[in-house]
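Every number here is computed from the coordinates shown, using simple stated rules; none is lab data. Since we're looking at a predicted model, the values are computed, not measured. Neighbour counts are summed over all protein chains in view; Cβ atoms, including those assigned to glycine, are modelled from backbone coordinates with ideal geometry.
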Amino acid sequence: MHISRREFIRRLAVISFATALAGKLLAFLGCSLVEKGELTPSTLKPSPEAVPLAPPAAIPALPLPTAPTPPSVVASPDTYLAVVRGNNPSDMVETAIKALGGIERFVKPGDDVIIKPNICVAYHSYEYAATTNPEVVGTIVKLCVGAGARRVRVMDQPFGGTPEQAYVRSGIDAAVKSAGGTMEVMSRVKFRDTPIPDGKDITRWQVYGDVLEADVLIDVPIAKHHSLARLTLGMKNLMGVILNRGQFHSNLGQRIADLTSLLKPDLTIVDGVRILMNHGPSGGDLNDVKLANTIIASRDIVAADAYAATLFGLTGEDIPAIRAGAQMGLGTADLKSVKIEELVV
Amino acid sequence: MKRLKKWYWRRRTVQILALVLFFYLLLGTSQGNTMFLPQDLFFRLDPLAGSAAMVASRSFIVPMLLGMAVLLLAVATGRSWCGWLCPLGTALDWTPSRRQRDSDVPKASQLRRVKEVFFLIILIAAAFGSLTLIILDPITLLVRSASSVVLPVLSLFVTSAETWLYQFSFIQPVVGWFDGLVRNTLITDNSFYLPNLTVAAIFIGVLALNAIRSRFWCRYLCPLGGLLGLLSKMTRLKHQVDHGACISCRRCARICPTGAIEAEKQFHANPTECITCLDCVDVCPKNAVSFRWKSGLPELQRYEPSRRQLLASLGTAVIVAPLLHFTAGVDRKESLLVRPPGSSEKLLTSRCIRCGLCLKVCPTGGLQPSQSTTVWENLWTPALVSRVGHCDYSCNACGQICPTGAIPDLTLAEKRRTVMGLASIDEKRCIPFAEGRDCIVCEEMCPVPGKAIVLEKKTFVNSEGKKTSVLLPRVRPHSCIGCGICEHYCPVRGESAIRVFPSAHSLNGGGGQRRRGQST
């Protein structure tokens, strides 16, 4: 390649001028260097992103009786309602179910089991008492798997956050998977228009098909404050399996009872380990959380809810859904009339 | 004897790999999804979007400096990006186009300068602070159309098909399995937002132009093609015709997808138009066509576009940029649009390249391309349409994915404190106010710890003369962050009875920080 001297000088001049101009231009554009700086390989970060928890300072706890109940007293087949107190949610759940006659009473080998906890939001970890305690859910899954269930599925429809995110942040995903169950995302496709034959206020609603077809439905709510229902307990927790929940809020108490009449869960286990005293159902303030260290279990959803209400200093009569449910004969809210076993582990 | 089309298959393979990578990254753009490559890789490679955003924002956006690699590619090999890597180019290659007949073997015409003029107008308008014309960038066009049109429509069809098939019990397990596979990757529950038909129109228009000429967009309109074409004048990879072997059969001119081969110039390929697809090499019956590397410094060619065209572009940009600021008498600050958390009209004007990644990543489908009739300069920048989807309290994905920082990358804790607007209740329609019935859905849904909506019990005598009470919602302005979940779930039919509007707080540079416990 050969260029003349004149050509060389000409090219050199052009390149120098261009460089100088570029430098001037850069200076004019200003130097807010590295505004969007990170050259990280992935732009999206894993979620749930950890939101630091404030240390749970002085959450009031109910006083525990000093001596645990001896195991020989626990297995009592007539127990209508089991109330277990303690510090270990796993042991508490196992004791409660044993008191009702054991998991074999509810789950037969080959059964298709659906467990419905409360995973309503993906906002906070379980310490904030917005979602069911993962240890509680995990223990129930373990027991069902041990009883020979064909499959054990855990599901809910969060209104805040995606299901995948809510499942992970609540800790329930990890607990269920290690216990041998599966998490299911409730697909829009599987909801169908379902008649509610005993319904007083509503006679049909869109309900998740698989829940209607499962062999066993176990309702595992967490006891929380709710502005309209006053408390959200076992019966209200069933709202997770329907669509159009916004429209459901008229005459809410009766409608909750109507829905319960359709679904009739086989077993209700109320998570009262931590309870949300105010600003439910999503919570977010540790000052609203109270350590009640209680698990309530029963075949009778109305009775379980009625007992859970006492954790808040209320009775079944104070809760519209419980009143409606008792009236419809779905269970009894009269705690004096049934055999309650109060245990400590 | 048909010669083996070796370049055809090599190029097709590379095109397919690039397109597959493009779609893989696009479908992987969802909340919390970490991948081995950044999901905005194609935008980082896009020198037009990068330079426009940097000029308009007067800053260096470091990840987008990767665009220089594509510029160097053009200097070295011509418009090979267009022919081998560009996903829109690949899509246009596969879109049916009009076959070129011998009689209309195309020539380079003045119309081809349009794409270079578009490029200049984009840069000059960016220098004046307006980025609206970047909607003509091919990568933003593709991703934006996919996010706001193609994928939602696909979701609609697939979900409808699944719902119908789910009726038949024997096929249920298959449907369930398929749904689990595609939901939240390919399809979502988010519905198609009707105003996005304008986005669809542009996209379909670009594809439909292929009916006039193959790769019409690439020939005449693509501003990125214009930029790369200008650099291609210096290309080291030269198209050469062995004139001794050439029999003027015109096959190369007919097969050229961008009509770069000029028959009257001995079938020489114009480097500004040639996308180095190498189809001419394959098709020549006499092997007269080849591409050879030429060494040495780039030659300084006759300057194009001409000075007249440069001045015309400058003039157009000077007129266009202020026009886009046109606000129809409404003060620009009084925008009624709720913007993504931490963003603001100012940030969007200077940085948003309308890429559509935030639209794709938003888990509720609340972010939509804005089409405010009062402020055109922010056309198709993201706005939160709460009725369609609220801003989720556990999500900060839009800020993470935004390639230019138009939406700042906030941590989740910061984002939860960032104010996007203020909710306001229409008491004429809100059920407790208007009908005396309890509702409370807005308060129930409010994610703010301590609630930004309180309920006040009011006793009154109803129409039947009975003394009754109702819970009336009231917004606490100092707690509300404007996420819109209340507006989204309000059961009132039609327009929601509680709506989020931008507040003074949110308009001032995007996001103040609330102090917890501050009373109304």
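Annotations
- Estimated translational diffusion coefficient (Stokes-Einstein, Kirkwood radius over Cα pairs, 20 °C, 1.002 mPa s) of the protein assembly as shown: 70 µm² per second.
- Net charge contributed by nearby residues that have their C-beta within less than 9 Å of B:S386 (K/R +1, D/E -1): +1
- Gyration tensor verdict on segment B:149-222 (Cα atoms; rounded if a/c is under 1.5, prolate if a/b is larger than b/c, oblate otherwise): prolate
- Listed by chain and number, the lysines whose C-alpha is less than 24 Å from the C-alpha of B:K233, apart from same-chain residues fewer than 8 away, are B:K107, B:K115, B:K265, B:K294.
- Peptide B:443-455 is shielded by partner chain Cβ atoms: per residue, an average of 6 of them sit within 10 Å of its Cβ.
- Our compactness index for segment A:239-337, the C-alpha radius of gyration over the empirical 2.2 N^0.38 Å, is 1.10.
- Legend: mean number of C-beta atoms from other chains within 10 angstrom of residue C-beta atoms, peptide A:224-231, equals 3.
- Lysines whose Cα lies under 16 Å from that of A:K142, excluding same-chain neighbours fewer than 8 positions away: A:K98, A:K108, A:K116, A:K177
- Longest DSSP-loop-exposure-free segment, chymotrypsin sites (Phe, Trp or Tyr not before Pro), chain B, at most 13 other Cβ within 10 Å: B:327-520
- Candidate aspartates and glutamates for bridging to A:K236, where Cα separation is under 15 Å - those fewer than 8 sequence places away on the same chain excluded: A:D156, A:D219, A:D258, A:D271, A:D300, A:D305, A:D318, B:E444
- Lysine pairs meeting the criterion (Cα under 17 Å, 8 or more apart or interchain), as found in segment B:415-507: 6
- Shape of segment B:415-507, Cα gyration tensor, a/c cut at 1.5: prolate
- Peptides ranked, highest mean first, by Cβ atoms within 10 Å: ranges B:461-474, A:145-158: A:145-158, B:461-474
- Positive-end ranking of B:V470, B:L507, B:T459 along the dipole of segment B:415-507, with charges on Cβ about the Cα centre, is headed by B:L507.
- MRE, 222 nm, helices only [DSSP H, n ≥ 4, -39500 (n - 2.57), over the protein assembly as shown, to nearest 500]: -10000 deg cm²/dmol
- Angle between chain B longest axis and helix B:6-27 axis [Cα atoms, degrees, rounded to 10]: 10
- Set against the 2.2 N^0.38 Å expectation for a compact globular protein, segment B:125-168 has a Cα radius of gyration ratio of 1.90.
- DSSP-defined antiparallel bridges as percent of all bridges, segment A:115-269, nearest 5: 50
- Rg to Rh, two decimals, where segment B:367-410 supplies the alpha carbon set and Rh follows Kirkwood: 1.00
- Averaged over peptide A:162-169, the number of partner chain Cβ atoms lying within 10 Å of each residue's Cβ comes to 3.
- For segment A:210-244 versus segment B:378-432, the gap between their alpha-carbon centres in whole angstrom: 29
- Sorted on the mean count of surrounding Cβ atoms within 10 Å across their residues, most packed first, peptides A:88-99, A:265-276 read A:265-276, A:88-99.
- Of the peptides A:196-206, B:422-432, A:126-136, the order by per-residue mean of other Cβ atoms within 10 Å, starting with the highest, comes out as A:126-136, B:422-432, A:196-206.
- Taking a Cβ cut-off of under 11 Å around B:L348, the surrounding Lys, Arg, Asp and Glu residues balance to a net charge of +2, with basic ones at +1 and acidic ones at -1.
- Scaled against the 2.2 N^0.38 Å expected of a compact globular protein of N residues, the Cα radius of gyration of chain B reads 1.15.
- Local electrostatic count, B:M68, Cβ distance below 15 Å [Lys/Arg +1, Asp/Glu -1]: 0
- Prolate/oblate/rounded label for segment B:366-464 (Cα gyration tensor, a/c 1.5): oblate
- Net length available on complete extension from B:S424 to B:H478 is 18.2 nm, with 0.36 nm assigned per residue and the Cα-Cα distance removed.
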